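First comes the structure, then the notes that go with it.
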Amino acid sequence: MAKASARAAGASRSTARRAKRPQMDLFEDKATPPVVGATPEEAAAPAARPAPARRATAESMAQKQREISVSEFFVKNRHLLGFDNPSKALLTTIKEAVDNSLDACEEAGILPELTLEVHDLALEARRPQDAELTKGEGRFLVVVQDNGPGIVKAQVPKIFGKLLYGSKFHRLKQSRGQQGIGISAAAMYGQLTTGKPIRVTSRVGRKKDAHVFEIQLDTRKNEPVVTHDEALSEWHQEHGTRVELEIVANWQQGQRFVNRYVEHTALANPHATIHYTRPVGAAQRENADRPGNETLSFPRATTELPKEAVEIKPHPHGVELGALMLMAQESKSRDVSGFLQSAFSRVSAGAAADILSHVPWGRKAVKPRQLAENRAMAEALHKAIGETKLMSPPTNCLSPIGDELMRKGLVSFLTVIESEGDEEEGAQLDLDSAGMKSKRAPRAEKAARAEKGKGKGKAEAAAPAPEPVPDAPAEEGVEKIKGHNYFIATVTRSPKVYRGNPFQVEVGLAYGGSWPADKTIELFRFANRVPLLFQRGACGITEGIVKTDWRNYLLSQPKNSLPVGPMALLVHIASVWVPFTSESKEAVAHYPDILKEIQLAAQECGRKLATFIRKRKAEDYQAERRSIFERYIEEVAIAIGKITRRQPGPIKREFLKVAHKVTAAEMAEEEKAALEKGEDEARPAKGKAARGKDQPSPKAKRRARAADEAEEE
Amino acid sequence: MAPRKDAISKKTVAKIEKLAESVLKTVQGGKNPFLDIPVRSLANVTWSDKRRLVELGGQKQKRYFFNVSMAKKFMQTFLVSEACKELIDSGKTTSIRDLYYVTKHTIGDTRQNTFEDQDESDPIIEDLEVTMDSLREELHLFAARKGSMVGPVTIVDTGDTIDLRRMGSGGWSVPSIVEENVITFRKHEAKYVLLIEKDAVWTRFNEDKFWKRNSCIIVQGGGQPPRGVRRLVQRLHRELKLPVYVLVDNDPWGFYIYSVMKQGSINLAYESMRMAVPDARFVGLSSFDKDKYKIPTNVAIKMDDGDNNRAKQMLAYPWFKHARWQNEIQEMVKSGQKYELEALSRRGISFITEEYLPKKLKDKDWLE
Ligand SMILES: Nc1ncnc2c1ncn2[C@@H]1O[C@H](COP(=O)(O)OP(=O)(O)O)[C@@H](O)[C@H]1O
Ligand SMILES: [Mg+2]
């Protein structure tokens, strides 16, 4: 573990530094002056000349003024898209491709079967038996393949070779991608760092040929350039898409992000099967005849597809003035009433009339186009919309994970975590044992409460006495995973609206097991089923959880911090439009409506937790006192037997009989009396009794959080 | 062994058996068994003006077995009882440290021990003493011996005649059991007993042959005197009619040692009758000696918080209510300084034996 976290710390430092000075993050080899569109020489020239009265004229400047293409803009600002450095770029590339595959499968109603491969090209080029992982930056091949609907031939070049081209931007429907920037940005990053085009194979059906493309991106024009185009008569899948990208990446530092991303994606998408192939060096290799890489599989936990998210029209309450004018411009309706009814959801003829009764020109026949040209009129309408009560937007556009699947996802996630190997053995990563479960015996069992078994052995001698400590029946909400008991609770809130956008919050928690009791909880953030791995501190989800008073739910919580306790907390926001703080989609913006829902969901889940903890504490207390008496009865019976010259056996039985008679209430009564009388007597003994209680498992499962911490600390 | 001892042993064993039988009866009756233990804390200690002793009050505490906070101590009490019974049965005596080892073992298949350390077993022995109204000696137990004595007296210790005039530099070490069946007094020419707090100061008195010149017995108990020393001093006082003088440091701890010699301690209040010497006199070091004997202030030690608290507690003890004692303690608190006996050595190494104490005794400059 030590090694891994040291690596993470290294990653964190460089990431943080870059984040503060984004302009330094351009191509390190050609430092570019901050004049967009100017070549280095041009920008440097004026400064070199002896300063004249006027350095540039409007005319000379006009020569340099030209359009900036989005691709040019993002070449310079790639941190905005999550390509800050080679380790993060690796994750972002994988993420964009995997998110697209999951989106496409879901939209087509297909149970996703994904393959993700990361190849260390330098390692694979060397003799595999002794080849080591590339240290630091190097060339990597990322392959993502899905069994989705495929992409029609004509669309492929634009999807992969043009920024801001996609099917999801112009509609309101819950999906992972939304801006149409994702995969083409990854292609652009690959091209910039390796010069290699993106390679896409796609097939839309059994009757169609598969097609392979190699596509480059003309960043000046933001247009695709197809360098290779070939039809394949044979392909192993009836439909689906395979994307291959060569990029400069840093596996050493980036692997923990990737591992965590895959792990968490499986958690939030229990309907997906993911096969994950990743590089391994000679040192870590378990299997000599599988050199270079290893494959881990995450089988799906359910064959039930998530509820289909329906596309909706925007709700009037969420529209901004500019957008309203734009929509009016494009409207084909004859009048404003028709425009409102057709362009927005929840606007009936009645509602439209209601809105129009609030504007001075409401009675007149106004064409929507007029609104686009007359700002005052548009503003009046915008104001009127805000003042009119309307039905909330439809919520069938949302597809939450749901209580049951969240539970299933958590269980299979914890199963992977619990089968993790010996951490002391070396810097084993999260998933190391997932693919080799049989090899590493989980040592969890021995940590399970030993008390109970012991109680049994002792009771044998006392034949007439009932079983002193019966094995508790399986408790509600408790899942036994690899010998560890986890309490799992989930809450799915009903959909709500922020700025006219429907959204829904879900919270799931797994308490106990082998999570360490004295550390900050694990917070897993998700937006539209996509794990958010960075910028934990800047995220609205974190704020919602921090602002929840977890002390009410029997966890400790330092001021303005996440609670402390043996718990992992999953928070998912599903929305047609998740408000991220930036294009790299790492943190959710702090909308009060969203924060409130997160808090309400956390509270609801917290109440379930508190009930469980209270119950368990009471049970522990009973079991503890029982076992104390059992231990001492033996001793007392022997001593009294010797003093009175009797056999200890029958004495012991008499004591055990009383043990079951003396009720908890009686004991509490006597205890109280004892405390009142001789305080000094009761206290130290209490401390002793508490000793020897089951200690939290020493095996800290902290490594997962490292990704977030790496980013922030 | 003397027949008397057999009688006591029989009685003690009977008491232990009775304790066990009564517990057994309670359990057979389906009830939570308990021990009735007199409370040994300040709340249950009273000052008898008439007898001038600290006495144990009537408060008792029930120690139940089926009670999470009491179960272990209940169990421990029976482990100790059983071990003592075995000692008595076999006619052996052992130290309380030894008893700790005898009764200590791991409980079943746990990692817990019956006793974690001796601090756990010592109070159980005291509990047993008060509960059964038996002396430690009657349980065949003794504490680690501590304390030494010399003087013009001949004694018999388990049959050996010992002349305490010929004990060399170390003196005779006082055993922890000093009852009549062990120690008896023979010929003596002592006029009084001087109890000295510290071994080092006692050594000076012995080396200077103070006891020879002044015909007295000098005893030291290494700080708070153990039971053997206290019991022996009481016997010297009662049987040989010797007055007792106490010489301790001028600090709250020294005053407390005097107080224990005189009235008994809170913890062992049940044994005050056997150990206290209500007539014992405090000869020094007094808070006013620094002026009377010109002790320079640079040998004083600053009182700390613990000293001040202790002094305040003592101001409230009934046996320190006398105006002279209140003055004595208040002077110490007011000055904020305390003095060790050794501070007198500033006036000469034998100042304490040649000038200080003789003058004190001559002037009858003591407190009672
Ligand atoms: N694996 C795939 N299968 C089917 N369609 C895809 C796939 N990957 C991308 N697409 C299509 O390409 C579009 C652009 O993708 P992308 O650039 O990632 O933007 P976004 O996901 O934000 O819409 C998507 O909207 C989708 O229609
Ligand atoms: Mg996308």
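Each value in this text was obtained by applying a stated rule to the coordinates, not by laboratory testing. Source: prediction; values computed, not measured. Please note: Cβ atoms are built from the backbone with ideal geometry, for glycine as well, and neighbour counts cover all protein chains shown.
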For chain B, what is the calculated [θ] at 222 nm in deg cm²/dmol (nearest 500), taking -39500 (n - 2.57) for each run of four or more DSSP H residues and dividing by its residue count?
-12000 deg cm²/dmol
Nothing charged except the Cβ atoms of Lys and Arg (+1) and of Asp and Glu (-1): what's the magnitude of the dipole of the range B:311-366 about its Cα centre? Round to the nearest 20 debye.
200 debye
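Need one word for the range B:148-238: rounded, prolate or oblate. Basis is the Cα gyration tensor (sqrt eigenvalues a ≥ b ≥ c); a/c below 1.5 gives rounded, then a/b vs b/c decides.
Working: a/c = 1.59, a/b = 1.20, b/c = 1.32.
Oblate, since a/c reaches 1.5 and b/c is not below a/b.
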Rounding to the nearest 10 and keeping the result within 0 to 90°, find how far the Cα-based axis of helix B:71-90 lies from the longest principal axis of chain B.
80 degrees
Using just the C-alpha positions of chain B as equal point scatterers, what log10 of I(q)/I(0) does the Debye formula give at each q in 0.11 1/Å?
-0.85
Measure off 7 Å from each Cα along the Cα-to-Cβ vector at B:W47 and B:I162, then give the distance between these two points in nanometres to one decimal.
3.6 nm
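If you only keep lysine pairs separated by 8 or more in sequence, or across chains, how many in the range A:617-661 come under 23 Å at the Cα atoms? Can you show the working numbers first?
Values: A:K617/A:K661; A:K642/A:K652; A:K642/A:K657; A:K652/A:K661.
Summing the qualifying lysine pairs gives 4.
Nothing charged except the Cβ atoms of Lys and Arg (+1) and of Asp and Glu (-1): what's the magnitude of the dipole of the range A:109-225 about its Cα centre? Round to the nearest 20 debye.
Values: 19 positive and 12 negative charges, 140 e Å.
Around 680 debye, computed over the range A:109-225.
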So the FRET efficiency between A:E373 and A:E238, C-beta based with R0 = 41 Å and rounded to 0.05, is 0.20
Label-point gap, in nm, between A:S357 and B:E180 - each point 7 angstrom along Cα→Cβ
11.6 nm
Give the peptides A:305-314, A:263-272 in descending order of average Cβ contacts within 10 Å, highest first.
A:263-272, A:305-314
Give me the inter-chain shielding for B:76-85: mean count of other chain Cβ atoms within 10 Å, whole number please.
4
Can you give me the distance in nm between label points at A:E387 and B:D304, each placed 7 Å from the Cα along the Cα-to-Cβ direction?
7.9 nm
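Of the listed pairs A:K95/A:K221; B:K241/B:K321; B:K25/B:K62, which have alpha-carbon separations greater than 20 Å here? Let's see the in-between values first.
Working: A:K95/A:K221 26 Å; B:K241/B:K321 27 Å; B:K25/B:K62 16 Å.
From A:K95/A:K221; B:K241/B:K321; B:K25/B:K62, over 20 Å: A:K95/A:K221; B:K241/B:K321.
When a/c is below 1.5 the answer is rounded, else prolate if a/b is larger than b/c, else oblate, so apply that to the range B:7-142 with a ≥ b ≥ c taken from the square roots of the Cα gyration tensor eigenvalues.
rounded
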If you average the alpha carbon positions of the range B:278-311 and of the range A:242-275, how far apart do those two centres end up, in angstrom?
79 Å
To the nearest whole number, what is the average tally of beta carbon atoms from other chains within 10 Å of the beta carbons of peptide A:621-633?
4
First measure r as the distance between the Cβ atoms of A:E619 and A:A517, then evaluate 1/(1 + (r/R0)^6) with R0 = 25 Å and state the FRET efficiency to the nearest 0.05.
0.90
In degrees, nearest 10, range 0 to 90: what is the angle between the Cα axis of helix B:227-239 and the longest Cα principal axis of chain B?
60 degrees
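Give B:K60/B:K104; A:K313/A:K364; A:K207/A:K332; A:K615/B:K60 a once-over and call out the pairs whose C-alpha atoms are over 29 Å from each other.
From B:K60/B:K104; A:K313/A:K364; A:K207/A:K332; A:K615/B:K60, over 29 Å: A:K207/A:K332; A:K615/B:K60.
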Furthest towards positive pole of dipole, A:S561, A:F629, A:I613, structure part the range A:538-633, Cβ charges:
A:F629
Per-residue Cβ neighbour rank within 10 angstrom, fewest leading, A:W515, A:W577, B:W253:
B:W253, A:W577, A:W515
Rank B:S345, B:L194, B:H322 by how far each Cα sits towards the positive end of the charge dipole of chain B (+1 on Lys, Arg Cβ; -1 on Asp, Glu Cβ) and give me just the farthest.
B:H322
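What shape does the range B:148-362 have by the C-alpha gyration tensor, where a ≥ b ≥ c are the square roots of the eigenvalues, rounded means a/c under 1.5, and otherwise prolate means a/b greater than b/c and oblate the rest? Mind showing how you got there, number by number?
Details: a/c = 2.18, a/b = 1.38, b/c = 1.58.
Oblate is the answer for the range B:148-362, as a/c is 1.5 or above yet b/c matches or exceeds a/b.
Give me the extension gain from A:L305 to A:D218: residue separation times 0.36 nm, minus the current Cα-Cα distance, reported in nm with one decimal. Don't skip to the end; give the middle numbers.
Details: separation 87, 0.36 × 87 = 31.32 nm, distance 3.85 nm.
Value of the extension gain: 27.5 nm.
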Most exposed to least, judged by fewest other Cβ atoms within 10 Å, B:W172, B:W366 sort to B:W366, B:W172
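Rank these for me by crowding, B:R97, A:R242, A:R346, A:R66, going from fewest to most other beta carbons within 10 Å. Display every interim value, and only then the final one.
Details: B:R97 15, A:R242 22, A:R346 18, A:R66 9.
Ascending Cβ contact count within 10 Å gives the list A:R66, B:R97, A:R346, A:R242.
Given a Förster distance of 51 Å, report the FRET efficiency between A:T295 and A:L321 from their Cβ-Cβ distance, rounded to the nearest 0.05. Mind dumping the intermediate values first?
Values: r = 53 Å, r/R0 = 1.03.
Efficiency at R0 = 51 Å is approximately 0.45.
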Where nothing but the Cβ of Lys and Arg (+1) and of Asp and Glu (-1) is charged, how large is the charge dipole of the range B:148-362 around its Cα centre, in debye to the nearest 20?
640 debye
Gap separating the Cα centres of the range A:56-92 and the range B:6-74, nearest whole Å:
88 Å
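Between A:E230 and A:K207, what is 0.36 nm times their sequence separation minus the Cα-Cα distance? Round to one decimal in nm. Write down the numbers at each step before the final one.
Numbers: separation 23, 0.36 × 23 = 8.28 nm, distance 1.67 nm.
Roughly 6.6 nm would be gained on extension.
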Other chains near B:30-39: what is the mean number of their Cβ atoms within 10 Å of each residue's Cβ?
3
